[in-house]
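The values are calculated or read from the model by the stated rules, or taken from the named source; none is laboratory data. Everything numeric here is computed off the predicted structure, so don't read it as measured data. So basically every Cβ, Gly included, is an ideal-geometry build from the backbone, and we count neighbours across all protein chains shown. To get the accessible areas, we keep the full protein, side chains included, count just its heavy atoms, and leave off ligands, DNA and RNA. Shrake-Rupley method; radii C 1.70, N 1.55, O 1.52, S 1.80 Å.
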Amino acid sequence: MATMIVPNSIAFQLSANSLFFLLLIIFCSSCKTTFAFQGTKSKSFHHILHLNSLLQSAACNSSTQGLHHQKSSLQVVHKHGPCSLLHLDRAKTPPTHAETFFQDEGRVRYIQSRLANKSGCKADVKVTDVANLPAKDGRVVGSGNYIVTVGIGTPKKQLSLIFDTGSDITWTQCEPCLGFCYHQRDAKFDPSVSSTYSNVSCNSVQCSSLLSATGYLPLCSLSTCVYRIQYGDSSFSTGFFAKERLTLTPFDVFDNFLFGCGQNNQGLFGGAAGLLGLGRDQFSLPSQTARKYNKIFSYCLPSSSSSIGFLTLGKRRRYGSKSVKFTPLSTSIQDSSFYGLDITGISVGGKRLSISASVFTTAGAIIDSGTVITRLQPDAYAALRSEFRQRMRRYRMGRELSILDTCYDFSKYKSVNIPKISFFFRGGVKLTIPLVGTLYVANVSQVCLAFAANSDASDIAIFGNTQQKTLQVIYDGAGGRVGFGTKGCY
């Protein structure tokens, strides 16, 4: 417990000796270098990868397919890429591949432990890293996050936030930073200069409902509700639970949006101003905007750090097209935040793998925008790896890369054939993973299969963001389904 001195000029008016609880935890950040893939369409069961396409672009390709024709869309970009202003912050160094995977493992362990705790209170940590605007790939909480820019307050203050489908509470760092604020590129939000800011009281229904969204019981600083949230990588945010005007686009403005005004925040958030939650709890962005958008949103994660994706609220015109296939949300996932999937099979190069149905049903699966590498049950991954290696036997193996144990040295080739990998979901949905989602490229002599095994058969599978790149992923919360469409962006 600590004593905080709050200036009288602060609009949310707390006394000079307010009692405020602080969390002190250290966080490590991670990120990876990304490459632009150019594959030729093949009528066979293989992608053709041209090795001269494995070059990182220093310029931003701002032509995002379909983005500018949708009113309620935000841009999604890679945090450390040329499309993001955050990359201009020289105080932040992009993480190495090893750091990326270390952080990714931390997020995966947190998700799995949280989902394994199916009784009463949630685990002692809570993941939060999503946003609803043009998606930019960020390497912060969980290492595989993307960022968007939203407006908070009146007058509007533009802030770059991490968006995450595994988080619910939206928060940003606020002045006067009573505890500690990490370095961010945007100027911090100052509630004292906003005419639409107000605190949530301790005895309100909203305050008493915070446990389901954060995993922590709220605290009280005099009459003001105090939220607490901690993530799988041990980063955290603590501050005042408040209401404010949220501006997503000129057509999407929401008053009395509930969010966290962070006064004590620690962790390497990569210069982002906070987090935007896209989970399923009542305090998530989809839930708070449900009257207008019916809990429907979609995104496309760009193929590389030099490209731009999108985050769209409500239905897009392509939802009804034959190219979009929907699978029902899994009923086996008991956590109220995550979006569950029922995987029914995997194929490699057109061959359906011999994997018992019980392998997938025992632990289940979720889709997550913050996990970088897809995790599979040990038996499922072993079958995938074996068939992939068999079909790639003509190529020289390369050094393993952290959790990735199937890597190749393509330095002597101009082009290579990569077997297509497809996932099958309940409802007869077949999703062929794009080439950019099949491989993780460290360099031309270390190109790896972008999947990894869980340590135990009882650990939940996670469909990660690498495999989602360039896909249009649609979340229909009201309809209880998730959809996939091809060629969502570049």
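Averaged over its residues, the stretch 345-459 has an accessible area of 39 Å² per residue, based on protein heavy atoms and a 1.4 Å probe. A 1.4 Å probe run over the protein chains yields, for the stretch 227-343, 30 Å² of accessible area per residue, whole-number rounding. Under the simplified labelling scheme, the Glu400-Val253 pair shows an inter-label distance of 5.6 nm, with each label point 7 Å from Cα along Cα→Cβ. In a simple Cβ point-charge model (Lys, Arg +1; Asp, Glu -1; nothing else charged), the stretch 301-376 has a dipole of about 520 debye relative to its Cα centre. Relative to the Cα centre, the charge distribution of the stretch 338-451, modelled as +1 at Lys and Arg Cβ and -1 at Asp and Glu Cβ, gives a dipole magnitude of about 580 debye. Label reach from Ala357 (point 7 Å along Cα→C-beta): in the stretch 404-441, amide nitrogens under 14 Å belong to 425-428. On the stretch 149-196, 50 percent of the accessible area sits on carbon and sulfur atoms, based on a 1.4 Å probe. Residues Asp456, Asp342 ordered from highest to lowest accessible area at a 1.4 Å probe: Asp456, Asp342. Accessible-area rank, largest first, for Met397, Met392: Met397, Met392, with all protein chains present and a 1.4 angstrom probe. All other residues whose Cβ lies under 12 angstrom from that of Ala365 are scored, Lys and Arg at +1 and Asp and Glu at -1, for a net of -1.
Working ranking of peptides 355-365, 101-111, 158-168 by packing, defined as the average number of other Cβ atoms within 10 Å per residue, highest first, is 158-168, 101-111, 355-365.
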